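The values are calculated or read from the model by the stated rules, or taken from the named source; none is laboratory data. All values reported here derive from a predicted model rather than from experimental measurement. As a convention, Cβ positions derive from the backbone with ideal geometry for all residues, glycine included, and neighbour counts pool all protein chains shown. The area values use the complete protein model at the heavy-atom level, side chains included, leaving out ligands, DNA and RNA. Shrake-Rupley method; radii C 1.70, N 1.55, O 1.52, S 1.80 Å.
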2 protein chains.
Amino acid sequence: MTEVVTTKQDERESLSMAYSIPERRSTADIIFAQLRDEIMSLDILPGAKLSESEVAAKFGVSRQPVREALNLLSSEDLVTIQPQKATRVRKFSMARIDTARFVRRAVEVEVIKFACKNWSDLYRPGLERCMSAQDRAVATHDTQGFHVLDEEFHALLADVAQTPFAFARIKENKAYVDRICVLSLKNTDEMAVLVDDHRAIFEHITAQDAAGAEHVLRAHLARIEKTIEAVRLSNAEYFDA
Amino acid sequence: MTEVVTTKQDERESLSMAYSIPERRSTADIIFAQLRDEIMSLDILPGAKLSESEVAAKFGVSRQPVREALNLLSSEDLVTIQPQKATRVRKFSMARIDTARFVRRAVEVEVIKFACKNWSDLYRPGLERCMSAQDRAVATHDTQGFHVLDEEFHALLADVAQTPFAFARIKENKAYVDRICVLSLKNTDEMAVLVDDHRAIFEHITAQDAAGAEHVLRAHLARIEKTIEAVRLSNAEYFDA
DNA sequence: TTCGCCATACTACCATACAAGTTAGAGGCG
DNA sequence: CGCCTCTAACTTGTATGGTAGTATGGCGAA
């Protein structure tokens, strides 16, 4: 298999796809992906120190690839590099959160409009199957599975809109907010409300009612707010001043 | 190369109202900024090879900081790193262009809505001064200056909307498209049309007419399309298949 | 001539060593 | 006792050598 000769961009793209992770990657890429996962899942907490030497020892490699990984994480604002001092996992910043939510909302509102315009019954089975699966996830209290299905639903919307590229941006900003919500225990009632939202959005799109779909979507995306606020109060130590 | 005190980049950094990231101005950062400028201004053309050794020799430093700079450029999709083969300046991709335009439009439409909602006459002098300066730039055929003022105008809109953070995203995506338009000679007539758009947007915002402002903004952002198409035909060698 | 193989010269990648800045703590001095 | 200072142990930043993978050009054989 000489086909594994992919460029760095390809590797990282495939990471965001979450599926089909290539095997042959550079050491730096592996460490980057690993650290990123641990930061996103809060296995490494905000504020934690990430010494080049320590990480290098942990992975059994030299400092160089670790350094490159940390540089990339820094470019994603996941860590802060203080020269000659320390590298730390960046804490949550309300400004960053607001930006992420703002951009995500803006992009997805635009996506919804295209989805209404391009609606075809060809997309109906996929969306209905996804929502049914969400019902089952709620019934079985499968928060993990629901999270995956929720993301799939929004990906399907982007498919309908024929703007799959835009979903990458939605996902980016969604991921940052989701990282915070790991700290919050979602109960089944809240999940059920989200499924209702999905159904309402679906109905408006099938009716090609852009204004209605937008209205529900905005309310849908606003629901996360009280969760964020709760986490901010209960876990203030993970937030920037 | 250790005594790096002040460069012209410092002032440009201070312009961005971003977060208070401690400025680390290492050799790698300088090389990154320099290469980025040269790529963005097309001093280095798409497809050109960027060998670690050559760049290192050019700057009189070792390969390591150059390598880090290239990694960061790679994370911004400005270069492609082909392991053990070469590192090249990435060519234009229509998919990437469409994504950038889509996101920019989505975000700025949202910004405009907030601007209408939050309008106050306090913002009037700044915007009027900016538009007057644009008139002068058109009159003196100062395309360079117009470009700066155009960006300032859209930044001011974000100020009105009280979403300065969102402008960072607008600027990111705007920059990618602007890079292409370097290849196109803007004539004064086109610039005058853009100023008219700005005035129309301004009027709608002062009247707090969100729908009207959005309509003009969409038309405004669509004007670039024919420029892109022209460049794509006249400079096909800089585009990906 | 044309095809296939191999040596060679390139590339990015990784490891190691050294340099320079920061912080914390021990110890001397007022 | 309290404060200042200096040292030592961290940290990240840079330089350099060596390694593995890739493309290319030349040579030999069909």
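Quick notes on this one:
- So residue B:27, is it farther than 21 Å from residue B:86 by Cα, open to solvent by 70 Å² or more (accessible area, probe 1.4 Å) and modelled with pLDDT under 95: no
- Verdict on residue A:190 being within 24 Å of residue A:213 (Cα to Cα) and either away from chain B (no Cβ under 11 Å) or modelled with pLDDT under 95 (or both): yes
- Screening the candidates B:168, B:161 for the property of being open to solvent by less than 30 Å² (accessible area, probe 1.4 Å) and either among the small types (Gly, Ala, Ser) or within 13 Å of another protein chain (Cβ to nearest Cβ) (or both) yields one hit, B:161.
- Extreme residue, farthest from the other protein chains (Cβ to nearest Cβ), among residues of the stretch A:65-99 that are more than 16 Å from DNA strand D (Cβ to nearest atom) and surrounded by 19 or more Cβ atoms within 10 Å (Cβ to Cβ): A:92
- Scanning the stretch B:26-72 for residues that are more than 21 Å from the chain's Cα centre (by Cα) and not in a helix (DSSP H, G or I) yields a total of 8.
- Residue count for the stretch A:90-118, restricted to those that are touching a residue at least 60 places away in the same chain (Cβ under 8 Å), among the aromatic types (Phe, Trp, Tyr) and under 18 Å from residue B:109 (Cβ atoms): 0
- Test: residue in the stretch A:124-141 that is within 16 Å of DNA strand C (Cβ to nearest atom) and surrounded by fewer than 18 Cβ atoms within 10 Å (Cβ to Cβ): no
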